[in-house]
Amino acid sequence: MSSDARRIQVLLPLPLSGPFDYLIDGDIFLEEGDFVTVPLGSRTLQGVVWNMSPENSNIAIEKLKPVTAKLDLPALPQSLRAFIDWVASYTLSPPGAVLKMAVSVPRAFDRARKKNFYRLSPDLPKKLTDARRSVANLDVPMGMPMALKIWAELASVGEGVVRGMVKAGQMTPVEVMGDAPYPEPDPFHIGPHLSDEQDHAARHMRELVGEHHFKPVLLEGITGSGKTEVYFEAIAEALKTDGGQILVLVPEIALTAQWLTRFEKRFGAEPVIWHSELTPAQRRRAWWAVGQKDITKRAKVVVGARSALFLPFVDLKLIVVDEEHSPTFKQEDGVMYHGRDMAVVRAMQADCPVILASATPSLETILNAEAGKYDWLYLGQRHGTAQLPNMTAIDMRQQKLAAGTWLSDPLRAALAKNLAQGEQSLLYLNRRGYAPLTLCRTCGHRMECPHCSAWLVEHRKGEKLICHHCGFFCGKPKVCPECENTDSMVACGPGVERVAEEVRDLFPDARIAVMASDEISSPAQMRQMITSIERHEVDFIIGTQIVTKGYHFPMLTLVGVIDADLGLSGGDPRAAERTWQQLEQVAGRAGRAERPGQVVFQSYAPEHPVIAALISGDGQAFLEQEAFDREQQMLPPFGKLAAIIVSGADFNAVAKTARRIAALAPKDKAITVLGPVPAPMAYLRGKNRFRLLIKAEKQVKLQKIMGQWLSSCPLERGVSLQVDIDPYSFF
Ligand code: ADP
Ligand code: ZN
C-alpha cells in the first residue's frame with residue numbers, strides 16, 4: 001500500500017446495508033458520483049463513488065481493497081445521489097437496492113457503437129472507372145458520411161468497388177456515434193388560445209418556472225377542462241431556458257398515444273419516452289441523452305413511468321405528475337415507493353417546481369394545498385361548449401336480470417338509443433377476462449391457484465384459467481377435479497369478455513372493442529385501437545381501468561358502469577376515495593365535445609356516499625366526510641401508516657417470525673401495532689404471508705423507530721420481510 005492511499009466509500013447496486021469502504025492511491029483521480037469497478041469477494045462489480053471522505057468507518061485501512069478501475073461513464077449527478085439516499089431512508093430500503101433502480105437499466109451503459117462511415121473525397125481524379133464514377137456521381141450532399149453498404153446499394157455496384165475507392169483514398173473514413181440526438185421540442189410553436197381561467201393558471205405556472213425554485217402546485221380541473229394544454233405552457237416556459245429539462249410522469253406509459261400526438265402538435269417534436277418495455281437500444285439512447293453535459297445533444301423533455309425519476313437529469317427545471325391520484329404510481333415490489341410523492345422529493349432536490357395535475361386529486365394532495373404548502377390552481381369549466389355529463393344510478397336490487405347477464409333494462413335501452421343515434425358508448429368493468437370464478441355446480445368446488453389464495457380467472461381468449469397474481473394458468477377442466485362430474489364446471493360473475501359477449505348478443509351488427517391490458521400487447525396496438533375509436537370504427541368500447549386514463553373521444557356520449565360497487569369492500573382505507581376517483585374519471589370520458597354525455601351507474605347500494613356523491617356532483621362534500629372519517633381513525637394523511645409483510649415457504653417459520661416482530665414492537669403511546677394476522681392473500685406465489693399494520697401519530701419519526709425495531713428482530717430461516725411505508729395495497 002502506498003503512503004498516499006486513502007479511504008473512500010462505494011455504493012454497490014445490491015441490497016447491502018450501505019456503501020462499502022475501498023482504497024484509492026494517488027494515481028487514480030475520482031470524484032463523488034463516478035462509476036468504478038471494485039472487488040467483492042471473488043467478483044468484480046460496478047459501483048458508484050458515494051463518499052470521498054468518509055468519517056466514521058471502523059474497518060482498519062490495512063484491510064481494505066483498492067478500487068480496480070474508473071469507468072468511462074458520466075458521473076451520477078449529485079441531485080440523483082441525494083435522491084437515492086432520500087428514497088432509501090424513507091422507504092427503509094437498502095441504498096444499494098435504490099441505486100440498482102438507477103443504474104441497472106439493462107444495457108443502458110453500453111456505449112453507442114461507433115460506426116465507420118465513409119465520405120467522398122473532395123478532389124477526385126478526373127478519370128474513374130464507370131463503377132466508381134456511378135458512386136462519385138450519386139446525388140448525395142457533399143461530405144455526407146454513409147455506410148459502405150449504403151454507398152454500394154445506392155450506386156448499384158458491389159461493395160468491393162467502394163472498398164477499392166477507400167483504398168485509393170477516393171473515400172475517407174469518418175467516425176460517427178451511433179445514437180443521434182433527439183429532435184428538439186420547440187417552445188415557440190403556436191399553442192392554443194387559452195380561456196381566461198386557463199390563462200390565469202398558465203401564467204401562474206410560467207412564473208413559478210421562471211423563479212427556478214422548489215414549489216409544488218396542485219392543478220385541479222374537471223375532466224376536459226384543459227389541464228394538459230395548461231401545463232404544456234409551463235413546459236414551454238421551462239424549454240426556453242438553456243438546456244433545461246422537464247420530466248412528465250404518467251401512470252401507464254403504454255397508454256399515452258393521444259398524449260404524445262398532442263405533445264408533438266404543440267412542440268413540433270416527440271418527447272423522449274421512458275418505461276420498462278423499451279428495447280435496450282432505446283434505453284441506451286435515452287439514458288445517455290438525459291445525462292448529456294452538452295446542451296445541444298441533451299434530451300429536454302422526458303415522459304415516463306415512475307422509474308424515470310431515477311434518470312440522471314443534469315438540469316431539471318420542471319416535473320409534472322399527470323393523474324397524480326393514480327394508485328399505479330405506487331411501486332408494489334422491491335423498493336416500495338410512491339412515484340407521486342417521490343416526484344415531489346426529486347423536485348425539492350432539483351429546486352424546481354412540480355405540478356400535480358388531476359380531476360380528482362388525492363386527499364393527501366388536497367390537504368397539502370389547503371394547508372398552503374402547495375399552490376392550488378383550479379379549472380372549473382370544460383373547454384368550449386362541452387358540459388359535464390348527466391349522471392344516474394340504477395338500483396340493481398329492483399332489476400330482474402336473466403341468469404348470466406349483467407346489463408339492466410335501462411342501460412340496455414340507453415345503449416340501443418345511443419347506437420341508433422350513431423354515437424359511441426363505453427361500458428366499464430374493472431375485471432379482466434371472462435369470469436372471475438369457475439365453480440362446480442354439483443359439489444361447489446372452486447378453481448383456485450395452486451400457488452396463491454386466489455381464484456383462477458377464466459379467459460375465453462386462449463381458453464385458459466389464469467391466476468392474476470402469479471400468472472399460473474391451466475385449461476378449463478371438462479371434469480370437476482373434486483367430484484369428477486362431467487360438464488359441471490360453470491363460469492360465475494362477469495369480466496369484460498363476458499360483457500362483450502352480452503353486448504354482441506344484443507347488438508349483433510355493432511362494432512365492439514375490448515380494452516383491457518391483456519387484450520393489448522403493445523403500445524402500437526394500443527395506438528391502433530385508439531385511432532380506430534377516434535375514427536368511429538367502433539360503437540361499443542368495453543374496458544377495464546385502462547380506459548379511465550385521460551382519453552378524449554368526441555363521439556363518446558354514454559358511459560355505463562357495470563358494477564359501481566366493485567372496489568368498495570375490502571380492508572383498504574382508501575377504498576371509497578379510490579372508487580370515487582376511478583368512477584369520476586371514467587364518467588369524465590362522456591360528452592367531452594359538442595354532444596352532451598350521460599353516465600349510468602349500476603349499483604346494489606346507490607345510497608352509498610360514493611355513488612351519492614357522483615350522482616349529486618358534490619365531490620366536495622364527499623371528500624370532506626372522507627377526510628373527517630380518516631382523521632377520526634388517524635389514518636393517512638392525518639396519521640402515518642406502514643405495513644410489514646412477513647413471508648416464506650414454511651408456515652410455522654413465518655408465523656413465528658411475525659409473532660416475534662409483534663412482541664418486540666416499540667412501547668410508545670403514539671404507535672399502534674395491529675396484527676400479525678395471516679394476510680388476505682395468505683398464500684402468494686408459493687409463500688405464506690402474514691401482515692402487521694403500524695399506525696402512528698403524525699409527529700412520530702416512523703422510519704427511525706421501525707429501522708431500529710426491525711434490525712433487532714432475528715428472522716427465521718427462509719423468511720423475508722417487506723416494509724411498506726404508506727401502503728396502498730392491503731392484500
Ligand atoms: P383535461 O386534461 O383537463 O381532461 P384536456 O387538456 O385533455 O383536458 O382538454 C380537453 C380537450 O379540449 C382536448 O381535446 C384539448 O385539446 C381541448 N382544449 C382544451 N383547452 C383548449 C383551448 N384553450 N383551445 C383549444 N382546445 C382546447
Ligand atoms: Zn397464483
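The values are calculated or read from the model by the stated rules, or taken from the named source; none is laboratory data. As the structure is a computational prediction, the values presented were derived from the model and not from experiment. With ideal geometry, Cβ positions are generated from the backbone for all residues, glycine too; neighbour counts draw on all protein chains shown. Protein only, heavy atoms only, side chains kept; ligands, DNA and RNA dropped before computing areas. Shrake-Rupley method; radii C 1.70, N 1.55, O 1.52, S 1.80 Å.
Below are the figures for this structure:
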| quantity | calculated |
| --- | --- |
| Pairs beyond 32 Å (Cα-Cα), from 330/464; 330/669; 330/656; 227/297; 464/695 | 464/695 |
| Packing rank of 208-217, 469-478, where each peptide gets the mean count of other beta carbons within 10 Å, highest leading | 208-217, 469-478 |
| Candidates per GluC sites (Glu not before Pro) in region 11-103, loop by DSSP, up to 16 other Cβ within 10 Å | 31, 32, 55 |
| Whole-percent carbon and sulfur share, accessible surface of the chain, 1.4 Å | 52 percent |
| Region 435-499 versus region 592-647: alpha-carbon centroid distance in Å | 32 Å |
| Computed accessible area, residue 681, all protein chains, 1.4 angstrom probe, square angstrom | 10 Å² |
| Formal net charge of residues neighbouring residue 558 (Cβ-Cβ distance under 12 Å; K, R +1; D, E -1) | +2 |
| In range of the label at residue 265: residues from region 208-233 whose backbone nitrogen is under 17 Å from the point 7 Å along Cα→Cβ | 224-233 |
| Where 283, 717 fall by accessible area, highest first, once all protein chains stay in place (1.4 Å) | 717, 283 |
| Those residues of region 671-696 whose amide nitrogen sits under 14 Å from the label point placed on residue 650, 7 Å along Cα→Cβ | 688 |
| Euclidean distance between Cα centres, region 61-89 to region 283-314, Å | 19 Å |
| Hypothetical label at residue 485: residues of region 427-451 whose amide nitrogen lies under 16 Å (7 Å Cα-Cβ projection) | 438-447 |
| Test item: Cα-centred dipole of region 444-492, Lys/Arg +1 and Asp/Glu -1 on Cβ, debye | 220 debye |
| Cross-link reach list, lysines versus residue 461, counting only Cα pairs under 25 Å and skipping chain neighbours closer than eight places | 476, 478, 549 |
| Among 452, 195, 575 the positive-end extreme of the charge dipole of the chain (Cβ point charges) | 452 |
| DSSP-loop chymotrypsin sites (Phe, Trp or Tyr not before Pro) across region 345-420, with at most 16 other Cβ within 10 angstrom | none |
| Residues of the chain: accessible area per residue with a 1.4 Å probe, Å² | 46 Å² |
| 672, 438, ranked by accessible area, largest first (probe 1.4 Å) | 672, 438 |
| Ranked packing of 239-251, 644-656, 520-532, 319-331, most packed first, by mean Cβ within 10 Å | 319-331, 239-251, 644-656, 520-532 |
| Three-way shape call for the chain based on the alpha-carbon gyration tensor, with the a/c threshold at 1.5 | oblate |
| Furthest towards positive pole of dipole, 588, 500, 722, structure part the chain, Cβ charges | 722 |
| Accessible area, probe 1.4 Å, largest first, for residues 553, 117 | 117, 553 |
| Coarse-grained scattering of region 558-615 at q = 0.18, 0.25, 0.29 Å⁻¹, given as base-10 log I(q)/I(0) from a Debye sum over alpha-carbon atoms | -0.59, -1.01, -1.26 |
| Antiparallel bridge percentage (DSSP; both residues within the chain; nearest 5) | 55 percent |
| Region 196-379: C-alpha gyration tensor shape, a/c 1.5 cut-off, then a/b vs b/c | rounded |
| Radius, Kirkwood style, for region 444-492 when every pair of distinct Cα atoms is counted (Å) | 11.2 Å |
| Kirkwood hydrodynamic radius over Cα pairs of region 114-177, then Stokes diffusion coefficient at 37 °C and 0.692 mPa s, in µm²/s | 284 µm²/s |
| The chain, helix-only ellipticity at 222 nm - DSSP H runs n ≥ 4, -39,500 (n - 2.57), divided by all residues, nearest 500 | -9000 deg cm²/dmol |
| Check: region 6-103 dipole with +1 on Lys, Arg Cβ and -1 on Asp, Glu Cβ, in debye | 300 debye |
| Cys residues of the chain counted as unpaired, since no other Cys beta-carbon is under 4.7 Å | 352, 470, 474, 492, 713 |
| For region 373-507, with +1 on Lys and Arg beta carbons and -1 on Asp and Glu, the positive-most of 480, 401, 379 along the dipole | 379 |
